[in-house]
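Got a structure here, written out as structure tokens. Questions coming.
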Amino acid sequence: MLTAERNELLTRFGRGTPVGELFRRYWLPVLLGEELPEPDCAPVRLKLLGERLVAFRDTQGRIGLIEEFCAHRGVSLWFGRNEEGGIRCPYHGWKYDVTGQCIDLPSEPEESGMRKNIKLNSYPAIELAGVIWAYLGPADKKPQEPAYDWTLAPPGNRHISKRLQECNYLQAMEGALDSIHSGFLHRYSVAEDPLLKRDPESLAMLLGDRKPKIFPENSPAGLYIATRRDVGRDRYYWRVTQWLMPCFSFFPPYGGNPYGGHAFVPIDDEHCWTFSIDYHYLIDRAAQKAKKSFSGIRGVGVQDAAIQESMGPIQDRTREHLVSSDNGIVKTRRRLMDAASAVARGADPPGLDPEAQRARAVSMVASRELSLREAIAREQRSQAETVSSA
Amino acid sequence: MLTAERNELLTRFGRGTPVGELFRRYWLPVLLGEELPEPDCAPVRLKLLGERLVAFRDTQGRIGLIEEFCAHRGVSLWFGRNEEGGIRCPYHGWKYDVTGQCIDLPSEPEESGMRKNIKLNSYPAIELAGVIWAYLGPADKKPQEPAYDWTLAPPGNRHISKRLQECNYLQAMEGALDSIHSGFLHRYSVAEDPLLKRDPESLAMLLGDRKPKIFPENSPAGLYIATRRDVGRDRYYWRVTQWLMPCFSFFPPYGGNPYGGHAFVPIDDEHCWTFSIDYHYLIDRAAQKAKKSFSGIRGVGVQDAAIQESMGPIQDRTREHLVSSDNGIVKTRRRLMDAASAVARGADPPGLDPEAQRARAVSMVASRELSLREAIAREQRSQAETVSSA
Amino acid sequence: MLTAERNELLTRFGRGTPVGELFRRYWLPVLLGEELPEPDCAPVRLKLLGERLVAFRDTQGRIGLIEEFCAHRGVSLWFGRNEEGGIRCPYHGWKYDVTGQCIDLPSEPEESGMRKNIKLNSYPAIELAGVIWAYLGPADKKPQEPAYDWTLAPPGNRHISKRLQECNYLQAMEGALDSIHSGFLHRYSVAEDPLLKRDPESLAMLLGDRKPKIFPENSPAGLYIATRRDVGRDRYYWRVTQWLMPCFSFFPPYGGNPYGGHAFVPIDDEHCWTFSIDYHYLIDRAAQKAKKSFSGIRGVGVQDAAIQESMGPIQDRTREHLVSSDNGIVKTRRRLMDAASAVARGADPPGLDPEAQRARAVSMVASRELSLREAIAREQRSQAETVSSA
């Protein structure tokens, strides 16, 4: 159970709030690449960490992410015309480039020098792995471009979608860190998952131990959240979810199926985008084909959203009762609070290092003699070889 | 005209408010019995006195009325599965019985002892006379089961429905205590009332004195609100509405038609349920049949709701101007305030005694020589005989 | 850029606010005459300067504008019956005349004297030039009836409509004082304006100087806002918009087409009515006919509303950046603030004098040797002759 202060701390995103400032230190997914399909396409308005923004792709293909409202008289640039190197306000024709700089101010003589001083707030935005990413933090702290495992998969081996959830990001993200709920909320959906059906060995191990143990461990960029099931007398079935700062989670595939994961991106205190990511490295045409007839996914997502939204816009965690299998959640919150404190003290938060971001979820059967760390290290070495050979 | 403080006092229901605590001392109608039609049926969520609750009927038919949100991570139990002796949260399978006690906590070993300590708030709920009733007050103050006159009528002689009103309970209830408005708001609807048409004598007396006098008098459980019309030179036509603490009103029938009444149950400060109750003791098949073609009722209810809601969510009674025929309303408010003070002082409020609850509305023509009390006493004695003989 | 205090000052209308009190010193358009089409027609409810009112036309044709809620128990008189000299509350039949005086109180004996003391707030309302006008200020300050130029045009030479805007009146009105935006927001709509097409000379001058200069000058009732374009080497093309206190603007016609203008009437802080007025003095049947097929007008209005509402309910003017061509807006705000201060000091605001209200928008081509004042004076003299001869 959290104190009211900590629940507040973990769920608020305004500029200047500790967790708001923490999130502003990372590249965050904000749009699908296809939402800005071509140069000079229609602009898109969006809210991110409570800030109202407009995104556009200029004539040269550069992405702009600037304040929504014109500096002149406050008109929404969502009504703007995206043309010849900038977005033009429809009211009096003021025009801005992707940096927010005013580049045309028709109603004022250029000699007045006014135009040069007009600049809307803007944020760096890049397109990577089919997603538009933005960085809302201080310019001198901008990290390297994101290098999460899935961003390195070949474009054809990746599928990304997003859905709106009418609740705070934290209750959506906590659902992804909690493998126990699958046995309840998704029980019948999981059993009908065609990908899992193709991996009868994993399914047997999942069903063989209905009371798994959860081991969350710090990783360089976040946490390993390992779920351990007994297999016979001498082996464990480990499934290791990667939680990566500040809002990513990835779970391991069943057999040769794709990896999956989510990004939970705060729109404002009471709404978030849930990005869903599937990816693999080996081109498995059969799996791709199977995916087309994959009917369970949508069901599972709707199940999660319904349950998470049912807690109200911001769950009152002063009334919760966590149990031992919630230790992944407990540790995630602790990691977020520590990282927010670090940022507040002027230190860097974890997970900015591309090497650390490349963490991959793991599923493995290992001897009981191996510790989790040893088993993960061995598995990751063999996975690293997969990437280079793919 | 009320002071702002008194308007506030009479219209607020949060835990700890005087009138909120007063209402928590009574059994209140909360659902129609048919809303929980059978054991293990779908749960129903509801709000009562500002508290969010979920109601269910368990495998044995017991009614549970418990907090809406799971103690674990705050999921709404409206999404729950009502099964084998309790309602199970769909997220991680925590299960609660009708007392709110957690009876299964699959993700934690029973040995930890945690499960036993998990208990959601719950309230006693019973089914009586086609209605689910709840008691939200202190356990040691729980009154006897309700015994209002209509709860004693045979099941087939009773019809109960409810409608939502988007206003505070008080302005809905005040409408029911005020017989004057029928001559205006319901003028044409009343005249077309097929039940009244069957009682031409009453109709003639109603039309014969358009300026009746109102006499509200304390009764053991609330008030008699008597409307007196002159009939010829030596008789009065009395119609006595029973207002029973804290939110019931019953009006007398015309001729041999059914009795009618309402319960006005606070959902929260700005919404209430209006339960409508018709009942009779003698099986009058013709009246039942007539009722099927009764077209006016719905119109009358909609008339009341429109007018009462038009006052705004909570009427500003500092701007009202009450007149002498509003004396029933004045006295009702006084009775509510006194009862709230009594509860605040630690005393019991009136109307908990089943004998007092059995008050029945009265319509009678009596000699002018009889006082109202004498006339009522005589009439009630003859009615009591009706019940026992029915 | 305004300080937050001044933005607040200019946009708030509650009773007692400086600009709210300023507006209460003027007759304001509140309804179209056709909204109260005949004696005893259905009442209309409306909000004006944040006050909830009901308007009706009584049996004798007098217009009533009174508080929305019955003095008895707070029912909305919008549900009332407008009959025989007053509006009757549907709940208990209290009846009010156009002054708000209760003229029937059926549930109370007349001898009690209560009825005479019941009086709802009411405001003077008149019908003039197809519009219902109201005065919400102190009785002893009531100005003469409005005498704006368009109110003097013959009834058949006038067309008035209104639309709701979901934003504060000021951002709607500022749009009308700013002729620059036409070259952007309405560019293609203006070029297709059939009335402008009939005046190729004006169109050529408009297109011939895309960077006009704006000269706002105090006038007795508000401001002249003159837009000056070069025509050849020795002449200017002047277009002079009249802004009249507190919320009227009129623009000059192209060629022989009608004059046009707007009234921006505050409903509450976040909504306004935009009345659109077209009028002319010479009966030009061809123009009337053209107007029937006039398709651009609606487009232009929707363009303005979209842009003005996109600024949010109340634009944050602490973030604007005004330029030299916004000088009309700057001066208008200054004029409003000065007038509000004057009223607060106990002085009269400008623009109450009918002579001053008769200001008419001007369009003219004049020698560069004439100053704006001289050119306007000459033009207005010739216009005055037009009225008397029409």
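The values are calculated or read from the model by the stated rules, or taken from the named source; none is laboratory data. Because the structure is predicted, anything quoted here is derived from the model rather than measured. Here the Cβ positions follow ideal geometry from the backbone for every residue, glycine too, while neighbour counts run over all protein chains shown.
Name the single residue that is farthest from B:GLN357 (Cα to Cα) among those in the range B:125-146 being among the acidic types (Asp, Glu) and either touching a helix residue (DSSP H, G or I) at 6+ places or on another chain (Cβ under 9 Å) or in a loop (DSSP other than H, G, I, E, B) (or both).
B:GLU127
Sticking with this structure for a sec: What are the residues in the range A:117-128 that are out of contact with any Leu (no Cβ under 9 Å at 6 or more places or on another chain) and more than 12 Å from chain C (Cβ to nearest Cβ), if any?
A:ILE126, A:LEU128 - these are the residues of the range A:117-128 that are out of contact with any Leu (no Cβ under 9 Å at 6 or more places or on another chain) and more than 12 Å from chain C (Cβ to nearest Cβ).
Can you find a residue in the range B:155-169 that is within 14 Å of chain C (Cβ to nearest Cβ), acidic (Asp, Glu), within 25 Å of the chain's Cα centre (by Cα) and not in a loop (DSSP other than H, G, I, E, B)?
Looking for residues that are within 14 Å of chain C (Cβ to nearest Cβ), acidic (Asp, Glu), within 25 Å of the chain's Cα centre (by Cα) and not in a loop (DSSP other than H, G, I, E, B), one finds none in the range B:155-169, hence no.
Output the residues belonging to the range C:230-268 that are farther than 19 Å from C:ALA339 by Cβ and in a loop (DSSP other than H, G, I, E, B).
Of everything in the range C:230-268, those that are farther than 19 Å from C:ALA339 by Cβ and in a loop (DSSP other than H, G, I, E, B) turn out to be C:GLY232, C:ARG233, C:ASP234, C:PRO252, C:PRO253, C:TYR254, C:GLY255, C:GLY256, C:ASN257, C:PRO258.
Just checking: which of the strands (runs of 3 or more DSSP E) contained wholly in the range C:1-111 hold 2 or more residues that are touching a residue at least 40 places away in the same chain (Cβ under 8 Å) and either within 14 Å of another protein chain (Cβ to nearest Cβ) or of a type in the set (Phe, Trp, Tyr) (or both)?
C:51-57, C:63-67
Ok, one more. Which ones in the range C:92-102 are more than 10 Å from C:HIS72 (Cβ to Cβ) and either surrounded by 19 or more Cβ atoms within 10 Å (Cβ to Cβ) or out of contact with any helix residue (DSSP H, G or I) (no Cβ under 9 Å at 6 or more places or on another chain) (or both)?
C:LYS95, C:TYR96, C:ASP97, C:VAL98, C:THR99, C:GLY100
Cβ-Cβ below 6 Å, separation at least six or inter-chain, first residue in the range A:122-145 and of a type in the set (D, E, K, R), second not in a loop (DSSP other than H, G, I, E, B): which pairs?
Pairs that qualify, where the first residue is of a type in the set (D, E, K, R) and the partner is not in a loop (DSSP other than H, G, I, E, B), are A:GLU127/A:GLY33; A:LYS142/A:TYR135.
Every residue in the range A:7-28 that is basic (Lys, Arg) and under 13 Å from A:GLY137 (Cβ atoms), please.
A:ARG15, A:ARG24, A:ARG25
Name every residue in the range A:320-356 that is buried (at least 16 other Cβ atoms within 10 Å of the Cβ), facing chain B (nearest Cβ under 7 Å) and part of a helix (DSSP H, G or I), in order of residue number.
The answer is A:SER325, and nothing else.
Do the conditions hold for A:THR227, that is, is it part of a strand (DSSP E or B), away from chain B (no Cβ under 14 Å), among the polar types (S, T, N, Q) and crowded, with 18+ Cβ neighbours inside 10 Å?
Spelling it out, it is not the case that A:THR227 is part of a strand (DSSP E or B), away from chain B (no Cβ under 14 Å), among the polar types (S, T, N, Q) and crowded, with 18+ Cβ neighbours inside 10 Å.
A further question on this structure: Is it true that C:ALA153 is small (Gly, Ala, Ser), touching a Ser or Thr at 6+ places or on another chain (Cβ under 9 Å), under 21 Å from C:TRP243 (Cβ atoms) and surrounded by 16 or more Cβ atoms within 10 Å (Cβ to Cβ)?
No: the conditions fail for C:ALA153.
Okay, residues lined up against (1) buried (at least 22 other Cβ atoms within 10 Å of the Cβ); (2) farther than 23 Å from C:ILE376 by Cβ; (3) touching a Phe, Trp or Tyr at 6+ places or on another chain (Cβ under 8 Å):
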residue: C:HIS159; (1), (2), (3): no, yes, yes
residue: C:PRO220; (1), (2), (3): no, no, no
residue: C:VAL231; (1), (2), (3): no, no, yes
residue: C:THR241; (1), (2), (3): yes, no, yes
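Just name the residue that is modelled with the lowest pLDDT out of those in the range A:302-319 that are aliphatic (A, V, I, L, M) and not in a helix (DSSP H, G or I).
A:MET311
Could I ask something else about it? Give just the number: which of (1) closer than 30 Å to B:ALA344 by Cα; (2) modelled with pLDDT of 95 or more does B:GLY86 not satisfy?
Here B:GLY86 clears every test but (1).
Moving on. Any residue at all in the range B:174-186 that is among the hydrophobic types (A, V, I, L, M, F, W, C), modelled with pLDDT under 85, out of contact with any Ser or Thr (no Cβ under 8 Å at 6 or more places or on another chain) and surrounded by 23 or more Cβ atoms within 10 Å (Cβ to Cβ)?
yes
Of all residues being at pLDDT 75 or above and not in a loop (DSSP other than H, G, I, E, B) in the range C:357-371, which is nearest to C:GLY14 (Cα to Cα)? Just the residue, please.
C:MET364
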